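Below: the structure, in structure tokens.
Taken together, the values in this text are just the output of simple stated rules run on the coordinates, not laboratory data. Here the structure is a predicted model, which means the values were calculated and not measured. We place every Cβ from the backbone using ideal geometry, glycine too, and count neighbours over all the protein chains shown.
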Number of protein chains: 2
Amino acid sequence: MNQYTYYKTVYEKELLKINKRLKSIFKNKSPKSLYEPSDYIAKSGGKKLRPFLVLVSAKAVGAKFSDAYNAAIAVELLHNFTLVHDDIMDNAEKRRGRATVHSKYDLSTAILTGDNLIAYSYKMLVKDCKTDCRPVVNTFTKGIIEVCEGQSLDELYESETFVSLKDYKKMIYKKTAALAGMSCSVGAQIGGGSPEEVKALFNYGKYLGMAFQIKDDLLDVFADESKFGKIVGGDLLEGKKTYLLLKAIRKAEGEDHKKLLNVIKNKGIKKTQINYYKNLYVKLNVAKDAQVEIRNYTGKALKSLNIIKNEEAKNILVWLAKSMGERNS
Amino acid sequence: MNQYTYYKTVYEKELLKINKRLKSIFKNKSPKSLYEPSDYIAKSGGKKLRPFLVLVSAKAVGAKFSDAYNAAIAVELLHNFTLVHDDIMDNAEKRRGRATVHSKYDLSTAILTGDNLIAYSYKMLVKDCKTDCRPVVNTFTKGIIEVCEGQSLDELYESETFVSLKDYKKMIYKKTAALAGMSCSVGAQIGGGSPEEVKALFNYGKYLGMAFQIKDDLLDVFADESKFGKIVGGDLLEGKKTYLLLKAIRKAEGEDHKKLLNVIKNKGIKKTQINYYKNLYVKLNVAKDAQVEIRNYTGKALKSLNIIKNEEAKNILVWLAKSMGERNS
């Protein structure tokens with residue numbers, strides 16, 4: 001077994017444990033009208049990257065995975081809250097092939113389920129505080145505030161004609177990267193890391209999150225559909241202001257520029273136009289630009305790890321950052 | 001100035017301070033799309049009973065009002081969160097004469113505003129923790145979970161034909177009383193109270209909350225409209241399962257029983273029928289039953305204060321409980 005296969009095994013083993021824990025957390029709780037949908041969303045699958053970041057960050061500063069298990073669950077429950085409420089705001093019927101909470105149940109149930117998930121995430125979080133839990137609670141709370149601000153910016157940008165790449169980066173920082181950074185910071189704090197270690201791991205998570213989101217935007221258009229698991233071009237169909245679209249708009253001239261602005265003006269394109277826009281992206285070489293950004297952020301993430309002493313945890317984080325950049329789905 | 005006037009002055013002075021603080025908390029924060037509605041709801045008025053309970057409970061165990069100011073704001077922000085999200089679930093257009101957040105802005109904004117208010121409430125709460133803040137955070141979190149469970153039960157009972165008085169009490173405990181109890185408990189913990197004092201003040205708040213809610217139900221039908229500020233009979237119009245309606249259903253026989261069940265079956269009555277039902281309540285003497293309940297809960301609240309040593313705080317809490325029972329609006 002080579003080193004990378006080993007890290008993958010570690011990740012998959014923890015993934016199983018996290019999923020097992022998530023399956024039991026809302027079981028048989030009353031009232032069913034609240035806890036059945038909570039159980040449903042907690043079992044909805046996904047990569048479980050955020051809880052894994054909590055665990056590895058705790059290890060990175062010298063603690064054990066088991067010291068941060070509740071905090072890992074806390075971060076995943078918080079992520080679930082964002083999914084439930086975001087799906088309402090996005091009018092999404094499905095998520096990962098399953099009905100969203102508000103479409104399976106109803107609007108009120110989905111709102112309440114999300115609210116209660118926030119409370120449960122705090123409940124789990126503080127279980128892992130050994131001494132003063134104020135800094136951990138503050139970091140966690142800041143993460144939630146960033147996510148809400150990011151979602152608000154996302155909603156705002158949806159209705160705006162012009163969004164700059166700087167605006168876009170600010171939004172994905174708040175919506176995605178801050179939560180990844182928070183996950184690492186919480187793990188490091190619970191593990192008893194020094195302020196420098198906590199900061200370094202926060203930065204690692206933050207840069208990883210930025211790379212992750214731009215990679216998501218890239219995959220949406222340039223993924224191999226057989227491996228992707230979602231329809232290629234979904235963001236274009238919805239008229240989403242992705243890194244690729246915003247970069248393309250900035251680079252294009254004349255007719256190309258006009259065509260790209262139409263994606264925003266018409267709030268999306270038709271299925272038959274996906275190839276046309278994909279070709280336009282190729283012509284403007286924006287996939288390359290995205291790859292450069294991803295490489296830059298990944299590089300910064302890896303550089304943040306310089307001060308980390310625990311070799312195994314450090315290697316896992318390096319592997320994770322590299323796999324994120326190379327993933328197909 | 002008699003004693004009661006003095007306590008009222010203390011309350012009104014703190015009310016001004018709380019309102020001043022609430023006015024500044026979201027001012028000039030960005031993004032406006034999130035903080036303008038937060039500011040709007042934070043300025044929406046109301047009795048500010050919960051934050052006042054935090055302050056007086058801190059004083060009751062020997063601390064100063066100023067020791068618990070942030071926690072008082074936390075509890076009020078949490079209450080605001082419940083208003084914003086409950087108004088969505090209840091399809092309410094107005095609250096205290098102003099447009100609700102989702103009707104003034106939109107659904108997404110209201111959901112996000114509520115979510116962010118939860119986070120902000122934690123942010124404020126932990127500012128007042130001096131030593132280990134885990135117990136306070138746990139108490140606060142438990143309060144949120146109870147509120148979510150209570151709201152879920154409320155939604156559930158809305159669609160059920162038969163709801164017992166026991167069910168009703170469980171629901172109002174979770175939806176209203178638990179938060180009042182939590183407010184007192186948080187204040188007492190921050191003030192450095194002993195476990196017995198914390199428990200006693202939690203009980204005081206809990207019983208006060210129960211009395212408060214049943215009084216609300218009573219006022220809805222039997223208030224003096226000129227003092228009430230709302231339309232009398234609103235709960236009947238909406239077919240709400242109040243203490244009075246459920247008690248009346250339990251006591252009534254024959255035609256009366258059938259008429260009362262119609263309120264639920266038809267999801268409310270017409271404006272012209274309010275007097276008919278008011279007379280039915282009079283005939284069944286359910287206002288008296290409600291008054292007995294209110295008196296019982298108020299009595300239990302006052303009895304909980306036996307172990308409280310700080311005379312001024314104790315007297316304020318006694319005054320508060322008595323005024324609650326005697327209020328007209």
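Given R₀ = 51 Å, what would the calculated FRET efficiency be for residue B:196 paired with residue B:19, taking r from the Cβ atoms and rounding to 0.05?
The formula returns an efficiency of 0.95 here.
Can you sort B:4, A:243 from fewest to most other Cβ atoms within 10 Å of each residue's own Cβ?
Taking fewest neighbouring Cβ atoms as first place, the list is B:4, A:243.
When Cβ neighbours within 10 Å are restricted to other protein chains, what is their mean count per residue of peptide B:89-95?
Across the residues of B:89-95, the mean count of other-chain Cβ atoms within 10 Å is 1.
Write down, largest first, the equivalent ellipsoid semi-axes of chain B in whole Å, where each equals the square root of 5 times an eigenvalue of the alpha-carbon gyration tensor.
In descending order the semi-axes read 33, 25, 18 Å.
Among the listed pairs A:48/A:278; B:27/B:142; A:127/B:169; B:17/B:59; B:20/B:48; B:48/B:314, which have their C-alpha atoms separated by more than 24 angstrom in this model?
A:48/A:278; B:27/B:142; A:127/B:169
Please turn the phi angles of region B:25-38 into ³J(HN,Hα) values with the Karplus equation 6.51 cos²θ - 1.76 cosθ + 1.60 (θ = phi - 60°), one per residue in order, whole Hz, x for glycine and proline.
Once rounded to whole Hz, the list reads 5, 10, 5, 6, 7, 10, x, 4, 4, 9, 8, 5, x, 5.
Which residue, B:156, B:78, B:246, has the most motion in a Gaussian network model of chain B that connects Cα atoms within less than 10 Å?
Residue with maximal mean-square fluctuation among B:156, B:78, B:246: B:156.
Compute the length gained on full extension between residue A:32 and residue A:250: take 0.36 nm times their separation in residues and subtract their Cα-Cα distance, giving the result in nm to one decimal.
Gain in length upon complete extension: 73.4 nm.
Give the nm distances, rounded to one decimal, from residue B:292 to the matching residue in every other copy, measuring between label points 7 Å along Cα toward the beta carbon; shortest first.
Reported distances to equivalent positions: 8.2 nm.
How high is the FRET efficiency from residue B:261 to residue B:328, r the C-beta distance, R0 25 Å, rounded to 0.05?
So the FRET efficiency works out to roughly 0.25.
Let me understand region B:135-273 better: what is its radius of gyration from the alpha carbons, and its Dmax, in angstrom?
17.6, 57
Taking all pairs of different Cα atoms in region B:86-141, averaging 1/r and flipping that mean, what Kirkwood radius in angstroms comes out?
Here the Kirkwood hydrodynamic radius works out to 13.1 Å.
Please report, to two decimal places, log10 I(q)/I(0) for the protein assembly as shown at q = 0.08, 0.10, 0.11 Å⁻¹ as given by the Debye formula with identical point scatterers on the Cα atoms and no solvent.
Debye output, listed in q order: -0.66, -0.97, -1.12.
Per residue of region A:299-309, in order, report the coupling 6.51 cos²θ - 1.76 cosθ + 1.60 (Karplus, θ = phi - 60°) as ³J(HN,Hα) in whole Hz, putting x for Gly and Pro.
Using θ = phi - 60°, the values come out as x, 5, 4, 5, 4, 4, 7, 3, 7, 6, 8 Hz.
Distances in nm, one decimal, shortest first, from residue B:262 to the same residue in every other copy, taking the label point 7 angstrom along Cα→Cβ.
In ascending order, 6.3 nm.
When a footprinting reagent is the concern and you count Cβ atoms within 10 Å, what order do B:155, B:238 take, fewest first?
B:238, B:155
Given +1 on the Cβ of Lys and Arg, -1 on the Cβ of Asp and Glu, and no further charges, what dipole in debye does the protein assembly as shown carry about its Cα centre, rounded to the nearest 20?
440 debye
Explain nothing, just compute: Karplus ³J(HN,Hα) = 6.51 cos²θ - 1.76 cosθ + 1.60, θ = phi - 60°, for every residue of region A:219-233 in order, whole Hz, x for Gly and Pro.
4, 4, 9, 10, 6, 7, 4, 5, 9, 6, x, 10, 6, 6, x
Give me B:103, A:33, A:164, A:38 sorted ascending by neighbouring Cβ count inside 10 Å, so fewest comes first.
A:164, B:103, A:33, A:38
Compute the distance in nm between two label points, each set 7 Å from the Cα along the Cα-to-Cβ direction, one at residue B:238 and one at residue A:92.
3.2 nm
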